[in-house]
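Just so it is clear, none of the values below were taken in a lab; they were calculated from the coordinates. Quick caveat, the model's predicted, so the values are computed rather than measured. Every residue, glycine among them, receives a Cβ derived from its backbone with ideal geometry; neighbour counts consider all protein chains shown.
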Amino acid sequence: MRTMTAAIPVEITMFRKARAGDQQAFGSLVTQHQAMVFSIACRFLRDGTLAEDVAQEVFLELYKNLDRIESGNHLVYWLRQVTSRKCIDHVRRARLRPKFGLDDAPEPAAEERPEDPMASRMLERMVAALPARMRMVVVLRYQEDMEPSEISEMLGMPVASVKSVLHRGLELLRSKVQRKRGGAE
């Protein structure tokens, strides 16, 4: 299992200064982590403006709770958890449907591979149509490259439930792809 520190290292002195109330240090923490937070929100919500709003809410929440963050690892975990929950809450409140593709979101966690743009757009629309919690599990697993145990902790679900939701989501996507291919041929 990979560690969260490999994804985004946090300078210990900057973290300590931010906890002590240094505004510049807090600004540096925001700058260092804003791409990750925005990317999760944007890929989930599929709306850049809403993703910016969620990111702003997440960093406001961080500012209020910075004294509760124990380390750099905990910070990354906390940011992912709060971002995920705020996205799900936002969708529940607004009953939103995605408005643009995953291509528009910055910094995917995985390396980009050459792929068929038509198939990619089709898959993005299909992921966007998944129910909110299922979509979040798929986004965290494949965009953020998180292990089911990490997703479990973050979303407060048993690991078995994460795996089950992921399996059902992939089966649903697979059947949709097969129907599309069957209908196109």
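Extending 7 Å from Cα along the Cβ direction at Glu171 and again at Asp53 yields two label points whose distance is 3.5 nm. Can you classify the stretch 133-185 as rounded, prolate or oblate using the Cα gyration tensor, where a ≥ b ≥ c are the square roots of its eigenvalues, rounded means a/c under 1.5, and otherwise it's prolate if a/b beats b/c and oblate if not? Taking the square roots of the gyration eigenvalues as a ≥ b ≥ c, the stretch 133-185 is prolate.
The stretch between Arg16 and Tyr142 holds 42.2 nm of extra length on full extension. This uses 0.36 nm per residue minus the Cα-Cα distance.
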